[in-house]
Structure formats: structure tokens, C-alpha cells
């Protein structure tokens, strides 16, 4: 798990079987073999330590769903964050490092004390997890939605100067693609509600639908694989 608070910026390069991340990861020290590192919001495992960084294996699924292949070809800068420790402060929001899809930068505006960054999901269906003041991870950066279209497929965020300078957002241009991860808690809540509705439609569920709602307790969660 991660918080979306970027610790440093590295450089990404493609190599046989995965990617190389160059540059210091964390002011507290280098990563260890097997550590989880968020690279532009993608959770990767350190497979090999190198003098100038580390190598990570990347699956075809990850390359297809994220911008890693594109960034590696260009030798682009990437946001880096080590995994969250249980004793750490949760300064951003819970980020899994499992990218939902990509978005496109559709607007960049310099304001007096911030930047307005407008984004659009490439798959509009993911917009259902976006609402005003919701959390969203953009290239691994924990950000707050300032406003959105009715379906959430297009939204905009206010970026403060510190975040703009300490991440790769300043490198983004109109038309660039970014990795997006919707709020983890919103996805879990949706899944639980869907499962609860399905339970009422199972054999014997007619009485539940007509009367009391099905009980969402520890027994139900265990039965449906949540515990």
C-alpha cells in the first residue's frame, strides 16, 4: 500500500524482462531486494539492485494498462514512492498501486497560487468513482478532485506549487497520458453493495427483498470471501 506522497523522481528505461529505474529513491536510504515501489503509481517489486537504481519485472498486463512502456521508451521521469509502513502517517490517501486505467491531459492552466489540471478517463466508465472532493491518484500522486463533469469521465484538480515542483506534473503537456487509480474505498463499497443486492435475489431471497434487508455482518463477509 502507498499514500500517493511522492518521495523522489527517477528515470525509467526499458530493459530485458522489465524496466530499470535510475536515481535515488528515498532520502532515508536505498531499497532492498523484494521491496515494493510505486513507479508513476504502478506497484513494482525490486528484482535486482543496481549501482544507479534498481530493476523490476513488468507483466504484459501492467504494460498494457499503464504508461510504463511509453515512459521507458522515452527515458522519461517518473514519480517514486516506497511502500507505506504501518507506523507512517497517512498524509495522502490509500493507494494500492494497481492502476485502473489511463487518462489524457486535456487542460493545463496557471493560476495565481496553483495550477488547474484537467483530465479525462480514456475509459469513461471509470468516471463513476469520481466526485467533487474525492481522492484520485494521478501518476501515483494523491490529489483531490476540485470538480468534474456529471459522469465523472472528465475532472479537474487544483495543484499546489509544492506538488507541481516535487513531482513530474510540471513535465506534463496537453495530450499526454497519465496513470489513474480511483479511490480504493469507493471500489470496495460498490462491490459490497452489488454483492448485497445479488444476495437478495438468491433462492429464498424473496422474503428478504419484501422484508428486512440482508444482514451485512462478519458471517456474510466470510461467506463471500471478504474475511
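For this structure, a couple of remarks:
- Of all residues in region 54-70, those satisfying the criterion of being out of contact with any helix residue (DSSP H, G or I) (no Cβ under 9 Å at 6 or more places or on another chain) and either assigned to a helix (DSSP H, G or I) or in contact (Cβ under 8 Å) with a residue 40 or more places away in the chain (or both) are 55, 57, 60, 61, 64, 65, 66, 67, 70.
- Filter result for the condition that a residue is in contact (Cβ under 8 Å) with a residue 24 or more places away in the chain and farther than 21 Å from residue 38 by Cα, over 147, 101, 107: 107
- In region 46-61, the residues that are surrounded by fewer than 20 Cβ atoms within 10 Å (Cβ to Cβ), at pLDDT 90 or above and touching a strand residue (DSSP E or B) at 6+ places or on another chain (Cβ under 6 Å): 47, 48, 55, 57
- Only a single item in (1) outside any helix (DSSP H, G or I); (2) surrounded by fewer than 19 Cβ atoms within 10 Å (Cβ to Cβ); (3) modelled with pLDDT under 95 is not met by residue 92, and it is number (2).
- Residues of region 115-137 satisfying the condition of being in contact with a strand residue (DSSP E or B) (Cβ under 7 Å, 6 or more places away or on another chain) and assigned to a helix (DSSP H, G or I): 126, 127, 129
- Residue 78 being touching a helix residue (DSSP H, G or I) at 6+ places or on another chain (Cβ under 9 Å), within 26 Å of residue 165 (Cβ to Cβ), in contact (Cβ under 8 Å) with a residue 60 or more places away in the chain and crowded, with 23+ Cβ neighbours inside 10 Å: yes
Here is a yes/no grid of residues against (1) at pLDDT 95 or above; (2) in a strand (DSSP E or B); (3) farther than 17 Å from residue 85 by Cα:
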residue: 10; (1), (2), (3): no, yes, yes
residue: 14; (1), (2), (3): no, yes, yes
residue: 19; (1), (2), (3): no, yes, yes
residue: 28; (1), (2), (3): no, no, no
residue: 33; (1), (2), (3): no, no, no
residue: 43; (1), (2), (3): yes, yes, no
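- Every residue from region 134-147 that is at pLDDT below 95 and either surrounded by 24 or more Cβ atoms within 10 Å (Cβ to Cβ) or on the phi > 0 side of the Ramachandran plot (or both): none
- Test for residue 108: is it modelled with pLDDT of 95 or more, outside the structural domain of residue 53 (by TED's automatic domain parsing) and under 24 Å from residue 21 (Cα atoms): no
- Flag for residue 182 being crowded, with 17+ Cβ neighbours inside 10 Å and either within 20 Å of the chain's Cα centre (by Cα) or modelled with pLDDT under 55 (or both): yes
The values are calculated or read from the model by the stated rules, or taken from the named source; none is laboratory data. Being a predicted model, the structure only gives us computed values, none of them experimental. Because the Cβ atoms are built from the backbone with ideal geometry, glycine has one as well, and the counts that use them run over all protein chains shown.
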